[in-house]
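J.: Could you have a look at this structure, given as structure tokens, before my questions?
The values are calculated or read from the model by the stated rules, or taken from the named source; none is laboratory data. If you're wondering where the values come from, they're calculated on a predicted model, not measured in any experiment. Please note: Cβ atoms are built from the backbone with ideal geometry, for glycine as well, and neighbour counts cover all protein chains shown.
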Amino acid sequence: MKTINSVSEYLQYLNSIEQTPRTTYTVGCFTLFRGQANSSWTLSPSLYRQDLFCAENLLLTEIKHVCPKEIQESRFDTLVKMQHFGMPTRMLDTTTNPLVALYFACESITEKSSDGAVYTFPNVPVSWSTDPLVELIMDFVFDYHPEKVWLDQMLEHAKIKYASSIHRLMPDNIDSLLHYLTIPAFAVMPTKTNERIEAQDGAFYIFGMNLRSREVSTNPGTLGRVYYNFDPVNIEKPEKIWPKAETILIPSSAKDGILKQLDMLGINERKLFPDLTHQISYTVNAVKNHMFK
């Protein structure tokens, strides 16, 4: 673990990261960054942190009925939009801009006394949002439930839906389907569907699940049918997401100074949150600081 106390030290660290560019039809190669205001927090998406894992499908079903006009053609884009407006999802925000991650490691008022952290995932394979793998996981998110799910049904639907998939080997048996569903986390590059994603150079990790158990039905109508039960995946360390991950510690005493330096570089609330509420907040705080210092 490395500790930095200024933007210049951070830039020196970034200079040590070797970039390995490569791109295919389904996957690109990027270095991703995640800033957290408290270094003791685990890497976990809001759906898992709020113990709403089993309510994932219910949340989306309710939203589809309450706000049908907000549903996008792409299910992934829909999930991104729902997260943008505060709905808990299995996606964890990251960015391709290291200065943006540094900002989020420092900006929280409630965590000023806590050390922050920036997690670096160098040269990680990142799926495009149109990757069939992403669509497959979205099928589960929108159509299935993690308790007593009949995966044979999902597999048959997947074989039909992805029969013409060329650049991604899609599941053709239960074991391969389980492999995809239990990937701890994989990175996705979204389309720039809203201003905030573009401003923050956003990307995401989609978190997976752990297989808890299998149940064989003894009911006469479903006799012999196998049902599967899942738990949310638990990421203890960033290396579980990507073996080459690194952690940068930001001491609490350095946060204010780093934020001032980032502001001079144009990395601030006004830049990263284009909506009017944050524009006004930044302007008011800037005027206050100018008047009373």
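J.: Identify, please: which residue in the range 158-173 is over 26 Å from the mean Cα position of the chain (by Cα) and part of a helix (DSSP H, G or I) and is, among those, surrounded by the fewest Cβ atoms within 10 Å (Cβ to Cβ)?
T.: Checking each candidate, the answer is 160.
Here's the yes/no breakdown for (1) assigned to a loop (DSSP other than H, G, I, E, B); (2) basic (Lys, Arg):
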| site | (1), (2) |
| --- | --- |
| 8 | no, no |
| 32 | no, no |
| 41 | yes, no |
| 56 | no, no |
| 59 | no, no |
| 64 | no, yes |
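J.: Next question, about the same structure. Could you go through the range 10-19 and let me know if any residue there is in a loop (DSSP other than H, G, I, E, B), farther than 23 Å from residue 122 by Cβ and in contact with an Asp or Glu (Cβ under 9 Å, 6 or more places away or on another chain).
T.: No, there is no match, as no residue in the range 10-19 is in a loop (DSSP other than H, G, I, E, B), farther than 23 Å from residue 122 by Cβ and in contact with an Asp or Glu (Cβ under 9 Å, 6 or more places away or on another chain).
J.: What number goes with the only condition from (1) closer than 22 Å to residue 122 by Cβ; (2) modelled with pLDDT of 95 or more; (3) part of a helix (DSSP H, G or I) that residue 179 does not pass?
T.: In the conditions (1) closer than 22 Å to residue 122 by Cβ; (2) modelled with pLDDT of 95 or more; (3) part of a helix (DSSP H, G or I), residue 179 misses (1) alone.
J.: When the residues of the range 104-124 are narrowed to those that are in a helix (DSSP H, G or I) and not aliphatic (A, V, I, L, M), which ends up nearest to residue 256 (Cα to Cα)? Working first, answer last.
T.: Let us first name the residues in the range 104-124 that are in a helix (DSSP H, G or I), namely 104-106.
If we keep only those that are not aliphatic (A, V, I, L, M) as well, we get 104, 106.
Numbers: 104: 12, 106: 7 Å.
Among those residues, the one meeting the criterion is 106.
J.: Oh, and also: How many residues does the range 70-103 contain that are touching a Ser or Thr at 6+ places or on another chain (Cβ under 8 Å) and closer than 30 Å to residue 256 by Cβ?
T.: 5
J.: Looking only at residues in the range 201-236 that are of a type in the set (A, V, I, L, M, F, W, C) and over 19 Å from the mean Cα position of the chain (by Cα), which one is nearest to residue 150 (Cα to Cα)? So that I can check it myself, show each step before the final result.
T.: Keep residues of the range 201-236 that are of a type in the set (A, V, I, L, M, F, W, C), which gives 203-204, 206-207, 209, 211, 216, 223, 226, 230, 233, 235.
Checking which are over 19 Å from the mean Cα position of the chain (by Cα) leaves us with 211, 216, 223, 226, 230.
Values: 211: 13, 216: 10, 223: 13, 226: 7, 230: 12 Å.
Here the answer is 226.
J.: If you scan the range 200-238, which residues turn out to be closer than 29 Å to residue 43 by Cα and part of a loop (DSSP other than H, G, I, E, B)?
T.: The answer is 200, 201, 208, 233, 234, 235, 236, 237.
J.: Give 83, 72 a once-over and let me know the one that is in a loop (DSSP other than H, G, I, E, B) and either farther than 25 Å from residue 183 by Cα or of a type outside the set (Val, Ile, Thr) (or both). Lay out the reasoning, then the answer.
T.: Numbers: 83 fails: in a loop (DSSP other than H, G, I, E, B).
Just one listed residue meets the conditions, 72.
J.: Among the residues that make up the range 245-256, is at least one of them under 21 Å from residue 120 (Cα atoms) and assigned to a loop (DSSP other than H, G, I, E, B)? Break it down stepwise before answering.
T.: Filtering the range 245-256 for residues under 21 Å from residue 120 (Cα atoms) gives 245-252, 254-255.
The next check asks that each one be assigned to a loop (DSSP other than H, G, I, E, B); those that pass are 245, 251.
For the range 245-256, residues under 21 Å from residue 120 (Cα atoms) and assigned to a loop (DSSP other than H, G, I, E, B): present.
J.: Among the residues of the range 71-84, which ones are polar (S, T, N, Q) and crowded, with 19+ Cβ neighbours inside 10 Å?
T.: Residues satisfying the conditions are 78, 83.
A quick yes/no check of all residues on (1) in contact with a helix residue (DSSP H, G or I) (Cβ under 8 Å, 6 or more places away or on another chain); (2) at pLDDT below 95; (3) surrounded by fewer than 16 Cβ atoms within 10 Å (Cβ to Cβ):
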{"position": "40", "(1), (2), (3)": "no, no, yes"}
{"position": "43", "(1), (2), (3)": "yes, no, no"}
{"position": "53", "(1), (2), (3)": "yes, no, no"}
{"position": "69", "(1), (2), (3)": "no, yes, yes"}
{"position": "86", "(1), (2), (3)": "no, yes, yes"}
